Amino acid sequence: MRRQTCHIASRSRLAPRLIGLVLAAGLVACSGPGSRFAASETSVASPSATPSATDAAPIPSPSPTPAATASAAPKWDELPAAAMDPAELAAQLVMVETAIRDPNLSASHLDWMGHLQQLAYSRLQDYPDWKPTVLAALPEQTRTSVIASLDAGKQLRLLSGPIPKTLPDWKIVEAKPVDELLGYYKEAEAAFGVPWYYLASVHLVETRMGRIRGLSSAGAQGPMQFIPSTWAQYGDGGDINDDHDAIIGAARYLRAAGAPGNMQKALFAYNHSQAYVNALLGYGNVMKADPTAYRGYHGWQVYYPTVDGAMFLPVGWTKP
């Protein structure tokens, strides 16, 4: 969202992504066959960077102040907030990374934890000197996922552009349930051979798992951001705005572009930006190595960059 940086081939079906916006933290909308909203780890941009769609909280102040104790019970009825102290942030991330892998966690609590994960990752991007302290506190099996997610987010930050002067013509909707979307990805994988985790990456970066509804600057539409002419070729008569149909269409397009044998080539066809491709491969490989990581990404929310900082766009938001 920060900028529509994705370069889309003339035949690309997706429009510019929100990448600039989401990028910094986790979610971005760019502009490519499949992306107009790209995603980075959290979407909270650093003080000197353009906010990203993944930003889940205001941009941190230059001088961190002590945060509430991370070990306190989560306040489920309040928006999560990343700690402003490395030790507290480490405690938050240990809690989050454990919680998202708990199969008994309720859907609403899982989304809350995913949102906090997004914000915590973004905080680490803003304060890189905290990383040694925070990463050292994490269990080895989750530390690898966190590092890879941060690296993917860095790639999306490379796509950031000028801060938009107006709010987007979007409507923010609820994402479909985590297991329902996973079923769509795996159905598409079975039909076209495109690994489910790369489809989930595209969905995350393009529209935050379908939360963003609206046209990109290039005219891309729907949860997987297809340009209508491309959709006419690869949509097989489906609904461009339906998550299931769009995911199947994206798999069909990626297969035609070289997947699964050459995912680099296929994803580049989706959005002509190597940084975008690197980010999608990064998030996808995290989920490949640890499928439960998908549960955290599913909770990432939509943030939009403004001159006053990243603006959280909750479910139900529409342009004033």
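Note on ALA107/SER229: beta-carbon distance plugged into 1/(1 + (r/R0)^6) with R0 of 35 Å gives a FRET efficiency of 0.45.
Remark: C-alpha extents of the stretch 68-171 on the principal axes read 39, 32, 26 Å, sorted largest to smallest. Fully extending the segment from THR144 to ASN241 would add 31.5 nm, taking 0.36 nm per residue of separation and subtracting the current Cα-Cα distance.
The distance linking the stretch 90-131 with the stretch 184-253 is 27 Å (Cα centroid to Cα centroid, whole angstrom).
Checking the cross-link filter: which aspartates and glutamates have an alpha carbon closer than 15 Å to that of LYS75, excluding same-chain neighbours under 8 positions apart? Here the aspartates and glutamates satisfying the reach criterion relative to LYS75 are ASP111.
For a footprinting-style exposure proxy, rank TYR253, TYR127 by other Cβ within 10 Å, fewest first.
With the sparsest Cβ surroundings first, the list reads TYR127, TYR253.
Each value in this text was obtained by applying a stated rule to the coordinates, not by laboratory testing. On a predicted model such as this, the values are computed, not experimentally measured, just so you know. When we count neighbours, we look across all protein chains shown, and the Cβ atoms used for this are built from the backbone with ideal geometry, even at glycine.
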